[in-house]
Amino acid sequence: MKRGAASVLAAALLAAGCGVRDDEAQLEAGRAVYNYRCYFCHGYSGDAKTLAATYLEPKPRDFTQGPPLDAAAILATLKHGREGTAMKSFTGIISEREMAAVAAFVEHEFVRRKAPNTAYHTADNGWPDHQRYAVAYPFATGAVALDTPVEQLDAHQRRGRTLFLEACISCHDRARVADEGPAWSSRPLSYPRMGFQPGDYGPPKPDAVSSASVYAQHDIVPVIEGLTPLEKRGESLFQANCAFCHGADGTGKNWIGQFMEPKARDLTLYTREHAGGAAARDDPRRAARHLDAGVEARAAASRGGGGGRLRVTRLLPP
Ligand code: HEC
Ligand code: HEC
Ligand code: HEC
């Protein structure tokens, strides 16, 4: 915030003490409340061009537009809030005097004067000479939509767009886009997705959103022709006991495998021949080879005995 609420309040009280008009002191007290309590939804300039506004429905009111509000109506909203919206009642949070002050401030500053209140990027606020980034301002204010096709931008705007994407978007998000695109998934991104159950390696059940998951691709059991009986046994052992972590295709790029630390190994790079890399991945028999590696691991475990390896031995059918 440009000015701490407390210091502005103090300045306002001081000003009042010095005999400056009371309503000016009240205005400054109102500004302090506003710049602490309201700006992140309604905007420093009261125009509701805030990140919060991009998430909220209904959106915070733009005080500079629409039917003019008076202080009494503003005060009533502050006291009672707006049920079912992000506009909560401020009763018990700020005093009646503060409510009256901020209501007067909103009416005076935004509804009537359409004044800018305060800028955020000022030297006091730790942004000296922010004007040097002016080329990117249109993308921060929404004057130019961020998804305007690049060919339609002139050289100046292209520079601005690049700067905006590098240095401003982390706070400003996109001030305006022409096409909002599909809504982001509101689902939590947690395991299990798509009704996945351990041991259930059937084809993924697609749905409009989660079938976009790249992880699901790695839980499809590869069809491998011409396996020897030993390899076949290894395959069913692998799918029953190992695929949960290493993925049905052995890559470890399934959901669980990706998020384990350390990550479940990509067994397609772990062949007897140590033939790693793209060549091994493109080989249709790669899965057979990693199953082979699995069988070897199993054999080693039976031979070796002790420690964590015993867990692998226990997985063997009698
Ligand atoms: C650390 C977060 C942050 C970064 C980074 C940031 N801004 Fe801002 N910017 C804000 C906030 C907060 C506001 C005030 C929004 C409001 O009016 O409520 C703001 C407001 C603005 C405004 C309106 C005038 C003003 O100063 O309040 C412009 C123009 C602007 N930013 C441009 C930029 C540009 C260009 C960049 C990149 C070079 C940038 N900003 C980077 C947080 C940021
Ligand atoms: C968390 C976000 C948020 C904060 C913080 C917030 N508001 Fe709001 N405000 C809203 C939303 C959303 C609406 C629109 C409600 C609706 O459409 O009914 C709104 C509506 C209003 C209205 C009603 C305008 C009308 O059309 O009658 C006033 C007045 C108002 N806010 C003032 C304030 C003041 C003053 C503060 C700070 C003391 C504040 N708000 C803080 C989100 C917020
Ligand atoms: C609970 C999850 C989990 C299961 C089940 C699992 N693994 Fe692993 N596996 C891992 C992780 C994690 C690593 C990587 C460990 C590391 O990098 O230290 C790994 C590593 C490996 C390696 C590489 C070992 C090395 O030293 O490089 C092989 C081979 C392997 N697993 C085979 C199997 C086989 C065969 C099965 C089934 C019998 C199996 N895994 C079951 C999680 C699992």
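Consider Thr118 carefully, then state whether it is farther than 22 Å from Tyr55 by Cβ, crowded, with 18+ Cβ neighbours inside 10 Å and more than 20 Å from the chain's Cα centre (by Cα). Criteria met by Thr118. Residues to consider are Ala115, Ala119, Ala73, Ala140; find the one that is within 12 Å of ligand 2 (Cβ to nearest atom) and out of contact with any Ser or Thr (no Cβ under 6 Å at 6 or more places or on another chain). Result of the check over Ala115, Ala119, Ala73, Ala140: Ala73. Just a yes or no: is a residue in the range 39-46 polar (S, T, N, Q), surrounded by 15 or more Cβ atoms within 10 Å (Cβ to Cβ) and in contact (Cβ under 8 Å) with a residue 60 or more places away in the chain? Scanning the range 39-46, I find at least one residue that is polar (S, T, N, Q), surrounded by 15 or more Cβ atoms within 10 Å (Cβ to Cβ) and in contact (Cβ under 8 Å) with a residue 60 or more places away in the chain, so the answer is yes.
Within the range 215-238, count every residue that is modelled with pLDDT of 90 or more and within 14 Å of Gly257 (Cβ to Cβ). Looking only at that region, the number is 1. Among the conditions (1) within 16 Å of ligand 2 (Cβ to nearest atom); (2) closer than 28 Å to Cys171 by Cβ; (3) buried (at least 19 other Cβ atoms within 10 Å of the Cβ); (4) touching a residue at least 24 places away in the same chain (Cβ under 8 Å), the only one that Leu146 does not satisfy is (1). State all residues of the range 71-127 that are out of contact with any strand residue (DSSP E or B) (no Cβ under 9 Å at 6 or more places or on another chain), among the charged types (D, E, K, R) and assigned to a helix (DSSP H, G or I); if no residue qualifies, say none. Answer for the range 71-127, where residues must be out of contact with any strand residue (DSSP E or B) (no Cβ under 9 Å at 6 or more places or on another chain), among the charged types (D, E, K, R) and assigned to a helix (DSSP H, G or I): Glu96, Arg97, Glu98, Glu107, Glu109, Arg112.
Going by the structure shown, is Thr54 in the same structural domain as Phe105 (by TED's automatic domain parsing), hydroxyl-bearing (Ser, Thr, Tyr), crowded, with 20+ Cβ neighbours inside 10 Å and within 21 Å of Val177 (Cβ to Cβ)? Taking the combined requirement at face value, the residue does not satisfy it.
Look at Ala53 and say whether it is within 14 Å of ligand 1 (Cβ to nearest atom) and either under 21 Å from the mean Cα position of the chain (by Cα) or not in a helix (DSSP H, G or I) (or both). Considered against the rule, which asks whether it is within 14 Å of ligand 1 (Cβ to nearest atom) and either under 21 Å from the mean Cα position of the chain (by Cα) or not in a helix (DSSP H, G or I) (or both), Ala53 comes out as yes.
Which one is farthest from Lys59 (Cα to Cα) among residues in the range 76-96 that are more than 9 Å from ligand 2 (Cβ to nearest atom) and in contact (Cβ under 8 Å) with a residue 12 or more places away in the chain? So, considering only residues that are more than 9 Å from ligand 2 (Cβ to nearest atom) and in contact (Cβ under 8 Å) with a residue 12 or more places away in the chain, the one farthest from Lys59 (Cα to Cα) is Thr91.
The values are calculated or read from the model by the stated rules, or taken from the named source; none is laboratory data. This structure is a prediction, so every number in the text was calculated from the model and none was measured. Every residue, glycine as well, gets a Cβ built from its backbone with ideal geometry; the counts of neighbours run over all protein chains shown.
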